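Below: one structure, written as structure tokens.
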Amino acid sequence: MINNDVLRSIRYMLDLSDNKVIEVIQLADPGFATDKDDVRAFLLREDEPGYQACTDRVMAHFLDGLVIHRRGRDESLPPRPVEKRINNNVVLKKLRVAFQLTDVDMHKAFADAGFPVSRPELSALFRQPGHKNFRLCGDQLLRNFLKGLTLRVRGR
């Protein structure tokens, strides 16, 4: 899924303002430079003037910041390195951590979106890429998860 679409979906889900999105991004790294104009450009559609693609680096900072925003910072652990490459599996993992979702919660989110997923399918998404049962998370799967999670967070 395009990073801009993920950012747009999460922003809607949590009803975040542009300033709050910047705050969340900077929770992961206060030195990471982004401003309101960048965020507005990320939130535009591809065909709108001023559109700017959200890079993996920005998305990684946003997702890490979201985990800190939702769960708090654990001072006992060293800061985790920022992901270099973001794919749908990484987004799914970060959202699972940020919202403290169990397997049951995730199955419910998929079911709420009208896209039930079996236990083996779900566990395959969280395996290491080299594992024989690893499965890439497709755009449709992530889109439906975001839809189900939005229904859960915002209420029906």
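Looking at the square roots a ≥ b ≥ c of the eigenvalues of the Cα gyration tensor of region 1-117, which shape do they give, rounded for a/c under 1.5, prolate if a/b is larger than b/c, or oblate? Please list the in-between numbers first.
Numbers: a/c = 1.83, a/b = 1.13, b/c = 1.62.
It is oblate, given that a/c is not under 1.5 and a/b is not larger than b/c.
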Count of lysine pairs, the chain, Cα-Cα under 19 Å, sep. 8 or more residues or interchain, comes to 10
Nearest-0.05 FRET efficiency for Arg70 and Leu151 at R0 = 25 Å, using Cβ-Cβ distance, is 0.90
Theoretical gain in end-to-end length, Glu48 to Asp35 [0.36 nm per residue, Cα-Cα removed]: 2.8 nm
Considering only protein heavy atoms and a probe of 1.4 Å, how much of the accessible area of region 79-156 is carbon and sulfur, as a whole percent? 52
Full-extension gain in nm, Gln140 to Lys93, via 0.36 nm per residue minus C-alpha separation: 15.3 nm
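The values are calculated or read from the model by the stated rules, or taken from the named source; none is laboratory data. Note that the coordinates shown come from a computational prediction; the quantities given were computed from them, not determined experimentally. Neighbour counts are summed over all protein chains in view; Cβ atoms, including those assigned to glycine, are modelled from backbone coordinates with ideal geometry. The accessibility values were calculated without ligands, DNA or RNA, using every heavy atom of the protein model including side chains. Shrake-Rupley method; radii C 1.70, N 1.55, O 1.52, S 1.80 Å.
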